[in-house]
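J.: Would you mind keeping the following structure in view while I ask a few things?
Readers should treat all values here as calculations from the given coordinates under stated rules, not as data from a laboratory. What you see is a predicted model, and the numbers here were worked out from it, not measured in a lab. So basically every Cβ, Gly included, is an ideal-geometry build from the backbone, and we count neighbours across all protein chains shown.
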Amino acid sequence: MPQPDNTWFRDAKFGLFMHFGLYSLPAGEWKGTKMGRNAYAEWIRYQWGYPQPGGIPKAEYDTLIPQFNPKRFNADLIIKEAASAGMKYLVVTTKHHDGFAMWHSRVSKYSVDSTPSHRDIIAELTAACRKYGLKVGFYYSHWLDWEYPGGGLPPWPELKNDPELQQPTDEAYEKYWTEKCLPQVQELIENFSPDLFWFDSWGKKAHTQITPARLSRLIKLIRDKSPKTLINGRIGTNEGVDFLSTDDNAFPEKLIETPWETSGTMNHSWGYNKFDHAWRSTREMLRNLVNNASRNGNFQLNIGPRGDGSLEPAVLRRLRDLGAWTSVNADALFGSRPVPVPEPKWGRFTQKGNTIYAHVYDWPADLKLQVPKLPLEITSARVLETDEELTIESIGDGFTLTLPKVMPDDRITVVTLSAR
Ligand code: GLC
C-alpha cells in the first residue's frame, strides 16, 4: 500500500500530546482512595485491584459523565500556547481505554454528547490547530476498550483470575472491532480529516487480539479513506507504518533511520493526577528534545488538563520556558536533520543545508570547544542567541572554538557553524 509523505513529521520535531477525558475529573483518587503503583490517572478504572477487585464498576465510573462539564477548557488558548512553545502538531485522546469518545460519535452514545454541555472537544481542538497551523493527530485506543462488550481488557497477569476481567472471546472481540473500532476510526477521518493517527499498544505478548488480519483492515481503511494520514508503530506493527513510537518516556541513545518519536510526560501521569508532583525540569525536556532531533526523532510532550479543562501553572510555565528556547533557537531545530558523525561528549549536532548547529550542553572550563571533523567545511561560527562571532582555530581533523566566558543559556547554547 502506498504510504503518505511524512516530511512534515520529520521537520516538526516537537508535538503536543494531550490526555483529556472522564478520568481527568477523579484525577487519581476514587472515593478518598489514591491510586497506587503506576498511578496513570487515565487508568483509574482498572488498576490491579484498585479500589476493589474488579476495579471500578462501569455504572459507577459512568457517574462521571453528568459531571463532565469543562467550563475552563479553551482549545484556542491551549493550542496558542502549544504553538508558542514551538509545537507543530497535536495528538489528543479521542478515545482512551475507557472507551469514552471525546467527539460527537454517531457510532456510540458513550461520548461527550451525553455530557451536560455536549461540547465536542475534538472539533474545538481541530479548529484551533487549523487556526494556528498545527497538524492534527488523534490518539485512538484501538486494542483496549472498557465500554464495549468484547473490547480488550487490561492484560496484566495479576488480573487473569479476576472473574470480572476475563478477556473477550475472539468472536466478541471481532464484533467490537467491526462495530465500534473501525467505524469510529472512519468517523474521525470523515469528521476531522486528521493528519496522523496514534494507536496504542505495547508488547506483542499483551495484545493477542490485534491479529495481523485485523491490523491490515484498520490500516487499509485509513489508507483508502485518507491517503495523507500518518500511522504510528504502536498500532501493533512496524511494517507499513509511517513512523515508530518508542515506549513511554523512552529516549533511544542512537540515530534511528526510520522517522520516530518519543511520547513523554512533564511529570508521571498522562491524564491529570492531582497528587503527581514529579515534575521534570525544562532543562531535561529540552535536552530530550534536542537529543531526539539529533537522532532523527521527535518529542511529543504530554499535558493533562484538569477536569474543568484548565491547565496547572506547572504545565503553563514549562510550555513557556520551552517556547523561550525554541523561539530563539528555531533555526537549529525545526526542519533540521541529523549529522552523521559520532556525538561529542559536550552536546549534539543538527544540520540544515550549509549550516551545522552545535548544541552545547556542557561548557568547557577552559572555554575551548573541540569540534570533530564535520561533513562541511566550516568558515564561521556564531552563538545563535547573541550573534557573537567566535574564533576558529584549525587543528588536524577538526577545529577548536573559543567560547565566551559565560554560557549564554545554561540549558543548551547553540553555536551556528556555517560553510561557505
Ligand atoms: C500507555 C498507557 C496509556 C497512555 C500511553 C501514552 O500505553 O496505557 O494510558 O495513554 O501509554 O503513551
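J.: To make sure I understand, if each residue's beta carbon is the centre and we count other beta carbons within 10 Å, what order do TRP202, TRP177, TRP260 fall in, fewest to most?
T.: TRP202, TRP260, TRP177
J.: OK, next. Which percent of Cα-Cα pairs in the range 349-420 sits in each 10 Å bin, short to long?
T.: Whole-percent P(r) values from 0 Å outward: 20, 60, 19, 0.
J.: May I pose another question? Calculate the radius of gyration of the Cα atoms of the range 262-420 to one decimal place, then report Dmax, the largest Cα-Cα distance, as a whole number, both in Å.
T.: Over the range 262-420's Cα set, Rg and Dmax evaluate to 17.6, 61 Å.
J.: Additional query: Once you treat every alpha carbon in the range 279-336 as an equal point and sum by Debye, what is log10 I(q)/I(0) at q = 0.21, 0.24 Å⁻¹?
T.: -0.85, -1.02
J.: Follow-up. Using the Kirkwood formula on the Cα atoms of the range 39-190, what hydrodynamic radius do you get, in angstrom to one decimal?
T.: 16.8 Å
J.: Here is a follow-up. How long are the semi-axes of the equivalent ellipsoid of the range 176-233, defined as square roots of 5 times the Cα gyration tensor eigenvalues? Whole Å, largest first. Numbers along the way, then the final one.
T.: On the way: eigenvalues 80, 33, 20 Å².
The equivalent ellipsoid of the range 176-233 has semi-axes of 20, 13, 10 Å.
J.: May I pose another question? Principal axes first, then extents: for the Cα atoms of the range 1-122, list largest minus smallest coordinate on each axis, whole Å, largest first.
T.: Over the range 1-122, Cα extents along the principal axes are 48, 36, 33 Å.
J.: Ok, one more. Give the residue from GLY297, LEU230, TRP270 lying farthest towards the positive end of the charge dipole for the range 193-308; charges sit on Cβ (+1 for Lys and Arg, -1 for Asp and Glu) and the dipole is referred to the Cα centre.
T.: LEU230
J.: Which net charge results when you count Lys and Arg as +1 and Asp and Glu as -1 among the other residues whose beta-carbon is under 12 Å from that of MET266?
T.: Surrounding charge for MET266 is -1.
J.: On to the next question. Using the number of other C-beta atoms within 10 angstrom as an exposure proxy, rank TYR61, TYR272 with the fewest first.
T.: With the sparsest Cβ surroundings first, the list reads TYR61, TYR272.
J.: Counting other beta carbons within 10 Å of each Cβ, put SER105, SER310 in order, fewest first.
T.: SER310, SER105
J.: Return the ratio Rg/(2.2 N^0.38 Å) for the range 158-309, where Rg is computed over Cα atoms only.
T.: My calculation over the Cα atoms of the range 158-309 gives 1.19.
J.: Which whole-Hz couplings ³J(HN,Hα) result when phi for each residue of the range 360-374 is put into the Karplus expression 6.51 cos²θ - 1.76 cosθ + 1.60, θ = phi - 60°, listed in order with x for Gly and Pro?
T.: 8, 8, 10, 7, x, 4, 8, 6, 9, 9, 8, 9, x, 4, 10
J.: Would you mind checking which residues have amide H under 5 Å from TYR139's amide H? H placed 1.01 Å from N; only 5 or more apart, or other chain.
T.: Placed amide hydrogens put VAL92, THR93, THR94, TRP198 under 5 Å from TYR139.
J.: Something else about it: With equal scatterers on the alpha carbons only and no solvent term, can you work out the Debye log10 of I(q)/I(0) for the range 43-96 at 0.20, 0.30 1/Å?
T.: So the normalised log intensities are -0.85, -1.16.
J.: On a 0 to 90° scale, report how tilted helix 182-192 is relative to the longest principal axis of the chain, with both axes built from alpha carbons and the result rounded to the nearest 10.
T.: Computed tilt is about 60 degrees.
J.: Still on this model: To one decimal place, what orientation-averaged projected area in nm² is obtained for the convex hull of the Cα set of the range 162-202? Provide the component values of the computation, followed by the final result.
T.: On the way: hull surface 16.8 nm².
Mean orientational projected area (the range 162-202, Cα hull): 4.2 nm².
J.: Bin width 20 Å, alpha-carbon pairs only: give the P(r) of the chain as whole percents, running from 0 to the bin holding the largest distance.
T.: The distribution over the chain is 26, 53, 19, 2, given as percents.
J.: Out of residues 5 or more away from TYR50 or on other chains, whose amide H comes under 5 Å of its own, with H placed 1.01 Å from N in the peptide plane?
T.: GLY55
J.: With each run of n ≥ 4 DSSP H residues scored as -39500 (n - 2.57), what mean residue ellipticity at 222 nm is computed for the chain after dividing by its residue count and rounding to the nearest 500 deg cm²/dmol?
T.: Rounded to the nearest 500, it is -7000 deg cm²/dmol.
J.: Per the Cauchy relation, a quarter of the hull surface: what is the mean projected area of the convex hull of the alpha carbons in the range 3-65, in nm²?
T.: If I average the Cα hull's projected area over directions, I get 6.8 nm².
J.: Using every pair of alpha-carbon atoms in the range 197-271, split the distances into 10 Å bins beginning at 0 and state the percent of pairs per bin, rounded to integers.
T.: The calculated distribution, bin by bin, is 17, 47, 31, 6.
J.: Under the √(5λ) rule applied to the eigenvalues of the Cα gyration tensor, what semi-axes describe the equivalent ellipsoid of the range 233-287? Give them in Å, descending.
T.: For the range 233-287, the semi-axes come out at 26, 15, 7 Å.
J.: How do the peptides 289-300, 146-157 rank, highest first, by the average count of neighbouring beta carbon atoms within 10 Å per residue?
T.: With the highest mean Cβ count within 10 Å placed first, the list reads 289-300, 146-157.
J.: For LYS80, which aspartates and glutamates qualify as cross-link partners when the Cα separation must be under 18 Å and same-chain residues fewer than eight apart are set aside?
T.: List returned: GLU124, GLU312, ASP321.
J.: Next up: Can you give me the relative contact order of the range 73-153 as a percent, contacts being Cα pairs under 8 Å and 6 or more apart? Spell out each step's value before the answer.
T.: On the way: 121 pairs, mean separation 30.2, N = 81.
After rounding, I find 37 percent.
J.: Once each part is reduced to its C-alpha centroid, what is the distance from the range 286-358 to the range 19-94 in angstrom?
T.: 26 Å
J.: Continuing with this model, one more query. Name the aspartates and glutamates eligible as straight-distance cross-link partners of LYS405: C-alpha to C-alpha under 19 Å, and not fewer than 8 places from it in the same chain.
T.: ASP362, ASP366, GLU385, ASP387, GLU388, GLU389, GLU393
J.: For the range 104-218, place one equal point scatterer on every Cα, skip the solvent, and apply the Debye formula. What is log10 of I(q)/I(0) at q = 0.13, 0.17, 0.22 Å⁻¹?
T.: -0.59, -0.93, -1.28
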